[in-house]
1. Grab the other residues whose beta carbon is less than 15 angstrom from that of residue C:157, score K and R as +1, D and E as -1, and report the net.
2. Measuring from the axis that superposes chain D on chain C, report the chain D residue with the minimal C-beta distance, rounded to whole Å.
3. Hey, in the GNM for chain D with a 10 angstrom Cα cutoff, which one of D:120, D:149, D:27 fluctuates hardest?
4. Relative to the longest principal Cα axis of chain D, at what angle does helix D:130-145 sit, 0 to 90 degrees, rounded to 10?
5. Compute the separation of the alpha-carbon centres of the stretch D:118-193 and the stretch C:164-189 and state it in Å as a whole number.
6. Could you give the size of the charge dipole of the stretch A:116-181 about its Cα centre, using +1 on the Cβ of each K and R and -1 on the Cβ of each D and E, expressed in debye and rounded to the nearest 20?
7. Label-to-label distances across copies for residue B:156, with labels 7 Å out along Cα→Cβ, in nm, shortest first?
8. Provide the three semi-axes, in whole Å and in decreasing order, of the ellipsoid equivalent to the protein assembly as shown as defined by the square roots of 5 times the Cα gyration tensor eigenvalues.
There are 4 protein chains.
Amino acid sequence: MGTDHHGNRYGRSEQARRAVLEAADDLLVEHGFAGLTVEKIAARAGVAKQTIYRWWPSKVDILLEAFGDDLAKALTPASHGDLGADLREHLAAMADFLTTSDAGAVYRALVGQAQHDPQLAATLRDGHLAAQHARDRLPFERAVARHDLPADTDIDPLVERLVGVVHYRVLVTGAPVPREFTDALVDAFLAGP
Amino acid sequence: MGTDHHGNRYGRSEQARRAVLEAADDLLVEHGFAGLTVEKIAARAGVAKQTIYRWWPSKVDILLEAFGDDLAKALTPASHGDLGADLREHLAAMADFLTTSDAGAVYRALVGQAQHDPQLAATLRDGHLAAQHARDRLPFERAVARHDLPADTDIDPLVERLVGVVHYRVLVTGAPVPREFTDALVDAFLAGP
Amino acid sequence: MGTDHHGNRYGRSEQARRAVLEAADDLLVEHGFAGLTVEKIAARAGVAKQTIYRWWPSKVDILLEAFGDDLAKALTPASHGDLGADLREHLAAMADFLTTSDAGAVYRALVGQAQHDPQLAATLRDGHLAAQHARDRLPFERAVARHDLPADTDIDPLVERLVGVVHYRVLVTGAPVPREFTDALVDAFLAGP
Amino acid sequence: MGTDHHGNRYGRSEQARRAVLEAADDLLVEHGFAGLTVEKIAARAGVAKQTIYRWWPSKVDILLEAFGDDLAKALTPASHGDLGADLREHLAAMADFLTTSDAGAVYRALVGQAQHDPQLAATLRDGHLAAQHARDRLPFERAVARHDLPADTDIDPLVERLVGVVHYRVLVTGAPVPREFTDALVDAFLAGP
DNA sequence: GTTTAACCGAGACGGTACGTCCAGTCTTCCC
DNA sequence: GGGAAGACTGGACGTACCGTCTCGGTTAAAC
């Protein structure tokens, strides 16, 4: 998508694209979502405002793109051949991603903004969130494949019962999400049906 | 906090206060958080902008006050002498409140904004959210008092495992939260430890 | 006009009146006409805004009253039994009053404001300016009485030919008006018809 | 200074500039200086407030520019080869300009405002007033060139003795300035030294 | 001596305009 | 044709004063 030139009739400037994404990321982390304006992104990136409006409909679309594949990279659960181990590791990684990483800050800002912006909410759900949900299902699907769980297991509600609790702490109560908490959560979950 | 006059050195105008709170509530529901401006609140309430700035630092503070005791009124769990019944009813009421009521819309907007605004997040947590958490604990505390649960039960994580899942649907996935879902959630929960 | 009490149904507070006039005077000299607001006058005078509005229709009316009899005191021409001497001294006193005194600053502010405010212009002309014009005529009237000038002398245009030139320097060109200038003006004037 | 486009990095919009100047002129004449606000100028000119603040520091700067060359056009004395005739015509034109023209209204407002605003006073004196003074000298300079006046004539005080009197009527007494008055003024002046 | 009504301070109120910031659109020249 | 630059309309921001209002406290003539 674009090559290493200033932009001409043969394609857009990859250089400008990257500068905008980085500037948006930096400004969000430094000044928060309120301090993130198209004008400041343009100034910081050394790019004309028009160039931003040409390629992104709004500042949240910049964040969506900046967010990129960070989520997939950070939160694809590994396989240890054991449901409990897989879940424990995955939830711990999720808690870490959401509370400490820059990409996690972008994620929280996007989810927050989605509360005000149904359009963004839809985009987010159909894109990153759906993809992440598919990844969250993986430990269970592997357990089904290993016949550790019945073949007709309804996986989605199980995922929600784990992922939802972590999100609640992150988005609502703001309490820390230590390893002990996620481990205890998985233990209690596995002890049930 | 204000009496029935136009406002003078001995107190503010209760009339103006109520008009502002109602206007903010209405505008949020009608035009969303983005369409909620101090200017429009003032115009709709028939109040001078200065009067708003005199009493509320920002528009979210208006919402916080407008939110008022709606939460407590709507989401105080009744007692049926049975943990399962109490939880089922409470979670269903919570889902209903969050997804269908005007106050629920305000709640979602506030939690969304809190992702961008640590100050608001702190205020929200120390106020309404802490109070609601105390109410969410009630069914469990009653169960302990009835000796249906051990006296040393650690209640907070149990609350989170129910409330968190409902919030996840409301705030993140945007999926509907029907009675079947909350009932199944409670059933699975009670089947565990 | 008022006595030395806090104000009651039998009269206004002389104390408050004086405080307002002094505060207005001070603020004009310190911060200029633009920095002169009813709110600041009230604060500086330790008086309620309502007290000001009760007695003066606007801030220029305060200045008009503060101006008071300063003009008469400063610019009543003395008699030396000689037209030239009277005029020379009077014009020099006028130049001094207009350019150096606090009351002169008030005078300039009022004449300036009168350019924007026909109501003030009328008040000013019918009051202070008419009275001053009468005083400006005195040297000529004495000369007529002494038979130094014909009995049918049309005095008004003569006054304007002197006073107008001084005002032009003060109000328009802003040039200094030294004694040499006013003396030369009188000399040239007397050499004419 | 601006070409026929909507404004870009290579120049401002001449169209917007003219609309602002005309709107300011109209509003001053219609509603007076007090009724002249940046907000109304913007609305009347169909221009954004920011466009005004981008190019003019304040509303008086707009008036200064709107005033433009009107003064020079209206008050450049013609030459009749006779000092008396030149002066009579020039003073009559000046009286007419100051009391009846729209530009004269702007002039009076600016001189009035200059009494409150030393910055404006300086700008006005160094610009329009100095230029006008140079034009006011012309009849005398021509008379010197014709040897009707001595070569070492000190012209400035002579100018002030005529122009000042007209200004006094216009700015201070508010009396009308008919042709008889200015003619008589010149006659008396010429009968002197 | 008590009543009482005008004046006072304080300050909240509905408004208007201020000067600033940013959104999103446009036009121009350069590469 | 993309990009940098920046002027443009438009609208909300938060502030400063305006002139009006209502309140409880003060006070001196009237009762």
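No value in this document is a laboratory result; all are computed from the given coordinates. Note that the structure is a prediction, hence the values are computed from the model and not measured. We place every Cβ from the backbone using ideal geometry, glycine too, and count neighbours over all the protein chains shown.
1. On the way: positive: C:137, C:161, D:161, D:169, D:179; negative: C:136, C:141, C:152, C:154, C:156, C:160, D:180, D:183, D:187.
In short, -4.
2. For the rotation taking chain D to chain C, the closest Cβ gives D:192, 1.
3. Largest GNM mean-square fluctuation: D:149.
4. 30 degrees
5. 13 Å
6. So the magnitude is around 240 debye.
7. In ascending order, 3.3, 8.5, 9.2 nm.
8. Numbers: eigenvalues 1365, 230, 60 Å².
The equivalent ellipsoid of the protein assembly as shown has semi-axes of 83, 34, 17 Å.
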